[in-house]
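Inspection log for the structure reproduced underneath, given as structure tokens.
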Amino acid sequence: MTDRWALAPAEDGGVDVAPLGPDGLPAGPVRRESDLAGAVRSRPEVTRWVWRSTAEVYPRLLATGVRVERCYDIEDAETLLLGHEGRYGEPRSAAAALARLRGGPVPPDPPQRAAEPGAQSPLFEPAGAHLPLPDLLAVYTEQQRRHQEAAHPDRMRLLTAAESAGMLVAAEMNRSGLPWSAEVHRALLHELLGERYAGGGEPRRLAELADEVSAAFGRRVRPDLPADVVRAFAQAGIKVKSTRRWEIESVDHPAVAPLLEYKKLYRIWVAHGWSWLQDWVRDGRFRPEFLAGGTVTGRWVTNGGGGLQIPKVIRRAVVADPGWRLVVADADQMEPRVLAAISRDAGLMEVAGRDSDLYQSVSDRAFSGDREEAKIAVLGAVYGQTSGDGLKNLAALRRRFPKAVAYVDEAARAGEEGRLVRTWLGRTCPPAAGSGEDTAEEAGIPGGEEEPEGRSGWVPGYASTDSRARGRFARNFVVQGSAADWALLLLAALRRALWDMAAELVFFQHDEVIVHCPAQEAEAVVQAIRDSAALAGRLTFGDTPVRFPFTAAVVECYADAK
DNA sequence: GCCGGATGCGCC
DNA sequence: AAAGGGCGCATCCGGC
């Protein structure tokens, strides 16, 4: 039995609240209270708060020590519902939703603002930030109806609820931050890069490597300028199209080794060096701003600090507080397990129904024991590989796991034809950018020109480069996106499991979580993660034999986890 | 001087 | 061995 209330901050700093009945309709008069946190704190019986924007409300609650069990984020639901209805790109604010409901002019969404180092997320106030509570409730009621119209209403309700839960998790992680030792980080930088020189130039080791590169070429070369490097190789009689690592590393030339080393260390210097430390680490915590559902597939992103791209070597600086531990857990072979669950392929479900190494099992069945071959084939099928060994082995995969391969093939075909493609729970891939619609391309979807007349149907081998790109995108979308669906449920379940513990979720990266907890809680946390993964599997995908095992490590330092 | 695109690489 | 999917971000470069 959930006790649902709605809440809307008012312009004068007060807050309006109203109880909702079991049907989600207002079940009592709107009440004005003077204080947001007080209004929530004084109603501990409320299990779900309905509000416009979690990012607006929840950080303010957390700042006063108030957590909520569940919420419903109206603007996030609006985004998901619009996508599901094939109306990607329409303004997603509550004010816009109200205007569509009432037939008024629809206000455009405000532009997104980039994060600044250390900014405590005093989010912009979009149009309609103070939509009166009755208006907000009108939008909410209409959204309830729209859920009913979805392809799978139950799944759609689960999706909006899960992403709202994800937003609570994100806000809490933004507040807690990832334990970070600036001291260890500085020692690491000194060890890797050498001394910093006054004036902000390259540190010693980079300067030395640049000199080695120049010496190898017999002239001054700036290794950080790709054009300069390509020219230098050309003068040495070696044609390279770019200076990407995979292209350079096969070249036989004395400059290659110092060049690759330079690029590796240069990366660390500019992206995770001293100025990064200065900008992003405060009071022993790294605080990237996590954004749930920041991508079209539902994967999260972080704003600022490159929070989801912490290089392996730098993880040495992620250190638990004294007496505390980091529980680092990542899902084993998440993508093929998700593919098994969504395709219901009997063979792949059987393989995914065991905790043991899935790629090895696939390989035993279809690739005579070569695990790497099996892994490449599976990932190639999911990513839409167009050449190489993966393609060659796709045929073997197709024979053994026909429904699984057919599932992603069908998604690719739908994508090429510009049809809607959905994750298991109903997150919807934007259609291709076509005439008059540029929103899909803004969202990163491969677009391009309209297909020529008479060729819009899907014909193997005759699709344009653009439509093939859209096919690959859609193929990957159903797997990556359904994995993101599952991950949201995992986070929601884990958050509940940790509710009464000192343990804190401090990091989430697609298929990996880090929980910071007192040492004596660590084993319970590991169990909570395994239980939550299983629960998430059942809730997301229903009754399947597919299992979602985790590799978990209890460590004091992130770098020791693998 | 601002801005968008290209390049390249970190993570999954 | 070859180059499929999703991102963020720093830097350079050319256009205005």
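Evaluating kT/(6 pi eta Rh) at 4 °C and 1.567 mPa s, with the Kirkwood radius of the stretch A:499-562 over Cα pairs in the Stokes-Einstein relation, gives 100 µm² s⁻¹. Apolar share of the accessible surface for the stretch A:17-78: 55 percent from carbon plus sulfur atoms, 1.4 Å probe. Given R0 = 41 Å, the distance between the Cβ atoms of A:ARG32 and A:ASP283 translates into a calculated FRET efficiency of 0.65. R0 = 22 Å: FRET efficiency of A:ALA207 with A:ALA271, Cβ-based, nearest 0.05? After rounding to 0.05, the efficiency reads 0.75.
Label sites at A:ARG530 and A:MET501, each approximated as a point 7 angstrom past Cα along Cα to Cβ, lie 1.3 nm apart.
Over 16 Å apart: what share of the alpha carbon pairs of the stretch A:183-278 falls there, rounded to a whole percent? Value for the stretch A:183-278 (Cα pairs over 16 Å): 54 percent. In the stretch A:460-562, the portion of solvent-accessible area held by carbon and sulfur atoms comes to 48 percent [1.4 Å probe, whole percent, DNA, RNA and ligands not counted]. Over all pairs of different C-alpha atoms, the stretch A:279-396 has a mean inverse distance whose reciprocal, the Kirkwood radius, equals 17.4 Å. Between A:ARG175 and A:THR551, the contour length at 0.36 nm per residue exceeds the alpha carbon distance by 132.7 nm. Report summary: the helix-based calculation at 222 nm, which adds -39500 (n - 2.57) for every DSSP H run with n ≥ 4 and divides by the residues of chain A, gives -15000 deg cm²/dmol. In a fully extended conformation the segment linking A:GLU45 and A:GLU191 would gain 47.2 nm over its present Cα-Cα distance, using 0.36 nm per residue. Surface exposure of the stretch A:222-301, expressed per residue as accessible area with a 1.4 Å probe, stands at 54 Å².
When only the Cβ of Lys, Arg, Asp and Glu is charged (+1, +1, -1, -1), the dipole of chain A relative to its Cα centre reaches about 760 debye.
Taking 0.36 nm per residue of separation and subtracting the Cα-Cα distance, full extension of the segment from A:ARG399 to A:ARG102 would add 101.5 nm. Comparing the stretch A:348-398 with the 2.2 N^0.38 Å rule of thumb, its C-alpha radius of gyration ratio is 1.05 (two decimals).
According to the Kirkwood relation over distinct C-alpha pairs, the hydrodynamic radius of chain A is 26.1 Å. Pair-distance distribution P(r) for the stretch A:7-56, from all Cα-Cα distances in 10 Å bins starting at 0: 24, 60, 16, 0 percent. Over 21 Å apart at the Cα level, from the set A:LYS239/A:LYS375; A:LYS264/A:LYS312; A:LYS239/A:LYS392; A:LYS312/A:LYS562; A:LYS264/A:LYS392, are A:LYS239/A:LYS375; A:LYS239/A:LYS392; A:LYS264/A:LYS392.
Placing R0 at 60 angstrom, the Cβ-Cβ distance between A:ASP357 and A:LEU25 gives a FRET efficiency of 0.75 after rounding to 0.05. The label-point distance for A:LYS239 and A:ARG222, in a model that sets each label 7 Å from Cα toward Cβ, rounds to 2.7 nm.
Annotation: lysines with alpha-carbon distance below 18 angstrom to A:LYS241 (same-chain offsets under eight excluded): A:LYS263.
Centroid-to-centroid, using Cα positions, the stretch A:534-562 and the stretch A:1-76 are 32 Å apart. Counting charges near A:VAL213 (Lys, Arg +1; Asp, Glu -1) among other residues having Cβ under 12 Å from its Cβ returns a value of -2.
In this label model, A:GLU523 and A:ARG231 are separated by 6.5 nm, measuring between points 7 Å along each Cα→Cβ vector.
For the stretch A:4-176, the solvent-accessible area of protein heavy atoms averages 43 Å² per residue (probe radius 1.4 Å; ligands and nucleic acids excluded).
Just to be sure I follow: if Rg is taken over the C-alpha atoms of the stretch A:4-176 and Rh is the Kirkwood radius over the same atoms, what is Rg/Rh? On the Cα set of the stretch A:4-176, Rg over Rh gives 0.94.
The values are calculated or read from the model by the stated rules, or taken from the named source; none is laboratory data. Everything quoted here is computed from the prediction, not taken from an experiment. No Cβ is skipped: glycine too gets one built from the backbone with ideal geometry, and neighbour counts run over all protein chains shown. Just the protein is used for accessible areas: all its heavy atoms, side chains included, with ligands, DNA and RNA removed. Shrake-Rupley method; radii C 1.70, N 1.55, O 1.52, S 1.80 Å.
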